[in-house]
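Some notes on the structure that comes next.
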Amino acid sequence: MIKHKIYKQFTAFIRKEFYHVFRDRKTLLIMFVLPVVQILLFGFALTNEVKNARLLIVNPTENAVSGQIISKIKASKYFTVTNVAHNTTDMESYFKSGNIQCALIFPSGFNTTSLKNNTIQIITDGTDPNFSKTVTNYLNAIIGEYLQERSMLQQVPLQINSEVRMLYNPEMNGSMVFIPGVIALIMMIVCCTLTAVAIVREKEFGSMEVLLVSPLKPILVLVAKALPYLVLSIINLIVILLMSRFALGVPIRGSLLLLFAESILFIITCLAFGLVISNSTNSQSAAMLISMMGMLLPTLLFTGFLFPLENMPIGFQWFANIVPARWYFLIVNDVMIKGLSFSGVWKETLVLIGMSVTLLSISMLKFKTRLQ
Amino acid sequence: MNNNIVIHAHDLTKKFGNFTAVDHISFEVGTGEIFGFLGANGAGKTTAMRMLCGLSHPTSGEASVAGYNVYKQQEQIKKNIGYMSQKFSLYEDLTIVENIQFYGGIYGVKPKEIKERTQILLKKLNIENQAKSLVGSLPLGWKQKLAFSVAIFHEPKIVFLDEPTSGVDPITRRQFWELIYEAGNQGITVFVTTHYMDEAEYCNRISLMVDGKIAAMDTPANLKQQHSADNMGDVFYALARGAKRSE
Amino acid sequence: MNTIEVKDINKSYEKGKVTALKNVSFNVGKGELFGLIGPDGAGKTTIFRLLTTLLIPDSGEAKVLGYDIVKDYKQIRNLVGYMPGKFSLYADLTIEENLNFFATLFGTTIEENYHLIKDIYEQIAPFKKRRAGKLSGGMKQKLALCCALIHKPEVLFLDEPTTGIDPVSRVELWDMLQKLKTEGITILASTPYMDEAVRCDRVALIQEGEILNIDTPDNITGQFNKKLYAIKAGNMYALLKALKQYPETDNSYAFGEYAHVIVNGDVENLKSFLEKQGISGIEVRNTLPTIEDTFIAESYKP
């Protein structure tokens, strides 16, 4: 009888929480629009991939070889050949006006049979070093590929070829680097910030007083507040994974079950942190600020998905170790991209378990059954 | 137009979509008059007051405040009025003097005059010793008296008071009203809303809004007589109990 | 046994820097409607939070329904209804959803205790699909009262239920409380409006954390042992100023259309003094003191 009552109280509470979420446009926006926007943003706009680079080709001596190389370049999605010229006279003005971003220059009298006149020049806009590097690599790769094909056909004497293979990401899909980071970031915002704000809002509106002066166990208040966000986060996770798989072509190589289990663990860590924040603040704006500064910023900076941790000062590297998202990022990377099994991520998992147990204990200890 | 009229409203109307918040209200308020603006929650008081302060554009009708048109001359209106509400009055983390300097400054009072008037003000409120205390540390009643004095610091023609005495103790409330009387005596028109019915009787004239319209407007004594009531509470009850709408 | 017993309670905030209550003691009997009357900052809300077990006193003790507010807080929380001063319902939930939520929270249903809230709920029922945030102040308070009542509490704590709502709603709300009393529910309510004191069985006048007086409203005004005059004149401001100058004035203050004056000696002397000061249209009459007059007299420190 009593158990039945508690169950009813609990479900009524959870129903109420869902009302709050679905009636607040801002919460809905953060919950469901933000992840989609972030995925698209990181997936398409912010990758270090180069597409359709505007290229000038200078080809003074037209012959079969240069023609084949040019058509190979034209066929690639990385380049758009804007001009083909016979000399370099206008090249600089093209660069300055922004008509072209890079140029490929065949030497005068280009041929592949003699050792002279066989050097192809690549010129790029060095003001964007990342871009230059990527473009150079692409062009080198295309030319290398051509040479390889030709040598196989003609059986020329033995050559030494270097072959580069990007493990786990042979297509150099930039989304792969970002997706694990974005998942961590979104879980953080939804679970930590929204939970903290939802609880503090009850304090601000005075309804917390009424809830405390009710037969409902105070601890159930916390659980009931956190549970809807757990459910919504899992839905969110599914949306993100579907999007990254089908819109961005990021594969899920490891076990889906393991990925979910690890994600739920991370969500619980975030919720626990949200609870700690809500216990120590009394206003929504303060809760927002603390979770932004205390969680979001470190997640962006210290997980390694935007800035490589190896390049940071040793102090920052140490600090990164206490950011939960860092460990989750490693796990997602290992499971999703590298396809590792649990034996490959058990250390990181243990760290996350330790963190959530600590945070949950702190929030339970700090939770007050009274106002002061 | 009569020179003594400082607030003039004729068929003033404000609609939000299908909802008529203020429905053709007309009235005039004279120089130095203490005009009580009463009404139930949602009767349209706040909307009407916002239009007169130049914060909200009327849907139709005419109104002028201190001789300025509420449609076109909102900036001039703002220079010539003072405003004080129960919710926001002064910066709690500034001292009394800093608050006065700030408000004097934004209304363009000359620094020399700010100094002189500040001394007079502190003396009048008997808070010379607290001049450098933070406003947050003062009792509520003091804050409200100070807030009122600051609202009329730039010597406006009209001061709008939105429930200025909510929750203040009876003695301080009366001291507050003495300040209002004094301002009226100096020729400042006082436009005040209140939920204390005894305070309504301190006003020279009262208008009572019900469902967006002015249901009654007269001196407290006449209103009581017309409704054969002992006090304004009963008058209010008789007029507003039939109200259909709420916010 | 009294339903509420408060004995020598002291409470301060910010590590003793701000004193909220000083030796507060009072009792409320079963089925009594008891009013805490005083301005903001008097300590009313602190009393409510102590009695609803949300705060712990620095010293002293208090019991609600025989349970100690510190030790037996769980029992008390099961038996009382509480309506805090701030609007305490969910603005984004409808009237119906709010009421349902609180009913379930307290382990009951709307149907079970509908008779208790029927009169109040019927007034807001036409809007039951409307969100609470869109209601007027008066309707919000009626809904809050329904929510506090839905589990048929034995004691009802109402912190400033009439603050910020219009006079019509105020009258209605007090009517409702008087009706609830007949159901045997003990009610402790606070208000900053002195004129509402007469609606209570007994009141405590409270100022700056101290109780000035506890009694029935009639007895409190009966204790006012000075003669009170109501004076009216053409110019109120001039009248108030002149009254303050009159040497025999004990106390004088505005009171509605009139000024209330406590004066030593013959009131005729005052009248001629005022005339000499150039005050016109003077009208003097005897008047009976109200709770507000008493409050002013008791908290007045010349």
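Here, each number is a calculation from the coordinates, and none is a lab measurement. Here the structure is a predicted model, which means the values were calculated and not measured. Don't worry about glycine lacking a Cβ; one is built from the backbone with ideal geometry, like all the others, and counts go over all protein chains shown.
Tabulated data
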item: Residue exposure sequence - B:Arg50, A:Arg326, A:Arg15 - by fewest surrounding Cβ within 10 Å; result: A:Arg15, B:Arg50, A:Arg326
item: Too-long pairs where the Cα-Cα distance tops 19 Å, listed order kept, from A:Lys368/C:Lys63; A:Lys203/C:Lys22; B:Lys45/C:Lys129; C:Lys44/C:Lys227; B:Lys14/B:Lys72; result: A:Lys368/C:Lys63; A:Lys203/C:Lys22; B:Lys45/C:Lys129; C:Lys44/C:Lys227
item: Size descriptor, Kirkwood hydrodynamic radius, that averages inverse alpha-carbon separations across segment C:5-74, Å; result: 12.5
item: Residues whose placed amide H lies under 5 Å from that of B:Ala216, excluding near-sequence neighbours; result: B:Leu208
item: Average other protein chain Cβ within 10 Å of Cβ, residues C:84-90; result: 5
item: Computed over segment C:97-210, Kirkwood Rh from alpha-carbon pairs, angstrom; result: 14.9
item: A:Lys217 paired with C:Asn10, simple spin-label distance in nm, labels 7 Å along Cα-to-beta-carbon; result: 3.8
item: Partner aspartates and glutamates for A:Lys347 [C-alpha distance under 16 Å; skip if fewer than 8 residues away on the same chain]; result: A:Glu262, A:Asp334
item: Along principal axes, Cα extents of segment A:53-153, largest first, whole Å; result: 40, 26, 22
item: Using alpha carbons only: equivalent-ellipsoid semi-axes of segment B:5-240, gyration tensor based, whole Å; result: 30, 22, 15
item: Average beta-carbon neighbours from other chains, 10 Å sphere, peptide C:33-43; result: 3
item: Sparse-neighbourhood loop sites, trypsin sites (Lys or Arg not before Pro) in segment B:120-177 - DSSP loop, at most 15 other Cβ within 10 angstrom; result: B:Lys132
item: Segment B:86-212 - Rg (one decimal) and Dmax (whole number), Cα, Å; result: 14.8, 48
item: Theoretical ellipticity at 222 nm over chain C - DSSP helices of four or more residues, -39500 (n - 2.57) apiece, nearest 500; result: -9500 deg cm²/dmol
item: Three-way shape call for the protein assembly as shown based on the alpha-carbon gyration tensor, with the a/c threshold at 1.5; result: prolate
item: Contour excess over end-to-end distance, with Cα ends at A:Ile322 and A:Thr127 and 0.36 nm allotted per residue; result: 66.5 nm
item: Angstrom value of the Kirkwood radius, inverse mean 1/r, which spans all Cα pairs in segment C:11-140; result: 17.2
item: Cα-only radius of gyration and Dmax that characterise chain C, units Å; result: 22.4, 72
item: Pairs of lysines in segment A:53-153 (C-alpha under 21 Å apart; 8 or more residues apart or interchain); result: 4
item: Average Cα contact separation per residue, segment C:153-231, under 8 Å, 6 or more apart, as relative contact order %; result: 26
item: Placed amide H near C:Thr94: partners under 5 Å, 5+ positions off or other chain; result: C:Ala132
item: Segment B:31-96 - convex hull of the alpha-carbon atoms, volume per residue in Å³; result: 139
item: Cα-based equivalent ellipsoid of segment C:149-251: semi-axis lengths in Å, sorted from largest, via gyration tensor; result: 35, 17, 12
item: Kirkwood-based Rg to Rh ratio, segment A:228-372, C-alpha trace; result: 0.99
item: Share of Cα-Cα pairs in segment C:228-299 lying beyond 13 Å, as whole percent; result: 61
item: Structure-based [θ]222 nm, chain B - -39500 (n - 2.57) summed over DSSP H runs of at least 4, per residue, nearest 500; result: -10500 deg cm²/dmol
item: Relative contact order (percent, whole number), segment A:53-153, Cα cutoff 8 Å, 6+ residue spacing; result: 31
item: Least to most buried among A:Thr369, C:Thr3 (fewest other Cβ within 10 Å first); result: A:Thr369, C:Thr3
item: Neighbour-count ranking [beta-carbon atoms within 10 angstrom, fewest first] of C:Tyr67, C:Tyr246; result: C:Tyr246, C:Tyr67
item: Relative contact order %, chain C, counting alpha carbon pairs below 8 Å whose residues are six or more apart; result: 20
item: Estimated FRET transfer efficiency when R0 is 60 angstrom, pair B:Ala221-A:Ile264 (beta carbons, to 0.05); result: 0.25
item: Kirkwood Rh and Cα Rg combined as Rg over Rh, evaluated for segment B:1-139; result: 1.05
item: Estimated FRET transfer efficiency when R0 is 22 angstrom, pair B:Asn204-B:Leu55 (beta carbons, to 0.05); result: 0.30
item: Alpha carbon Rg of chain A, scaled by the compact-globule rule 2.2 N^0.38 Å; result: 1.34
